[in-house]
Amino acid sequence: MSGIEDPSIADLETGSAFVAAMGLKLTHVAGDRVEGVIDLGPQHHQPWGIVHGGVYASAIESAASVGATAAVRDRGQIAVGVNNSTDFLRSMTSGRVTVVATPAQQGRTQQLWDVRITDTDGRAVARGTVRLQNVEPRR
């Protein structure tokens, strides 16, 4: 996995430019839980006027990656996604969603994270699992 650079602590807490562009604002980052919100609107739509599923898949992978990396930073590692399985459960056109990621399993070489995205009424919008590999960053 060459070409992967070590993110700064600030990157874990604020996310990357990609995360910012998608609108995911991380509100809690730890190795056992990541929380954030996205304010959805027309900038997230696919051509038929609803939020593009890629927004949810990206938010799920981003939250899991940040949490998994936070979990292995003390070992000098980062975590990179090797599989993302996202289910789209409820369509939306706008509104705030909450993203919550928690580990299902954290091992020496791999982690599995569960991520849920819910609307302001607590209804499930999307859910996903992300398997991540713990690797040494390129220095």
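Every number here is computed from the coordinates shown, using simple stated rules; none is lab data. Just so we're clear, the structure is a prediction, and the values are computed from it rather than from any experiment. FYI the Cβ positions are ideal-geometry reconstructions off the backbone, even for glycines, and counts take in every protein chain you see.
Listing for the model above:
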read-out: Sequence-separation-based contact order of the chain, relative, with Cα cut under 8 Å and 6+ spacing, percent; value: 26
read-out: Mean ellipticity per residue at 222 nm, deg cm²/dmol - from DSSP H runs of n ≥ 4 across the chain, formula -39500 (n - 2.57); value: -7000 deg cm²/dmol
read-out: SER62, SER85 arranged by Cβ crowding within 10 Å, fewest neighbours leading; value: SER85, SER62
read-out: Compactness of segment 9-135 - radius of gyration and Dmax, Cα, Å; value: 13.9, 45
read-out: Kirkwood hydrodynamic radius (C-alpha pairs) into Stokes-Einstein, segment 26-95, 10 °C and 1.306 mPa s, D in µm²/s; value: 118
read-out: Which of GLU35, GLU136, GLU61 has the fewest Cβ neighbours within 10 Å, and the rest in rising order; value: GLU136, GLU35, GLU61
read-out: Taking SER65, SER91 and counting other C-beta atoms within 10 Å, the order from fewest to most; value: SER91, SER65
read-out: Pairwise label distance in nanometres, PHE88 with PHE18, each label 7 Å out on the Cα-Cβ vector; value: 1.9
read-out: Cα-based helix-to-principal-axis angle, 53-72 vs the chain, degrees rounded to 10; value: 30
read-out: Only Lys, Arg (+1) and Asp, Glu (-1) charged, at Cβ; the chain dipole about Cα centre in debye; value: 200
